[in-house]
């Protein structure tokens, strides 16, 4: 991940404002993916809650419920942090 943002080739030095614009555009471009991930986590959580376990599948249901619930929570937190950063309410590494 050396080149997270591709910088344009130019004969002159790239300015700080051009770098900031490239980073902000890359950040904005993540929004669709962030929202899709969070929604998929929510769908998975809703589906797992609707599962009815057989007598022999209780442990598997328990583990999958835990994993999906944790995933959904992590995705919600990630989306919340994304929007807090977008609105300037959160800065720095998380």
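The values are calculated or read from the model by the stated rules, or taken from the named source; none is laboratory data. The structure presented is a predicted model; accordingly, all values stated were derived computationally and were not measured. Here the Cβ positions follow ideal geometry from the backbone for every residue, glycine too, while neighbour counts run over all protein chains shown.
At-a-glance table
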quantity	calculated
Residues of the range 1-39 that turn out to be under 28 Å from residue 76 (Cβ atoms), at pLDDT below 80 and assigned to a loop (DSSP other than H, G, I, E, B), as a count	3
Scan of the range 22-40 for residues that are over 16 Å from residue 83 (Cβ atoms) and surrounded by 13 or more Cβ atoms within 10 Å (Cβ to Cβ), ordered by number	22, 40
Selection count where residues are within 18 Å of residue 85 (Cα to Cα) and surrounded by 15 or more Cβ atoms within 10 Å (Cβ to Cβ), scope the range 41-75	1
Scope the range 83-93; condition modelled with pLDDT under 85 and under 14 Å from the mean Cα position of the chain (by Cα); matching residues	85, 86
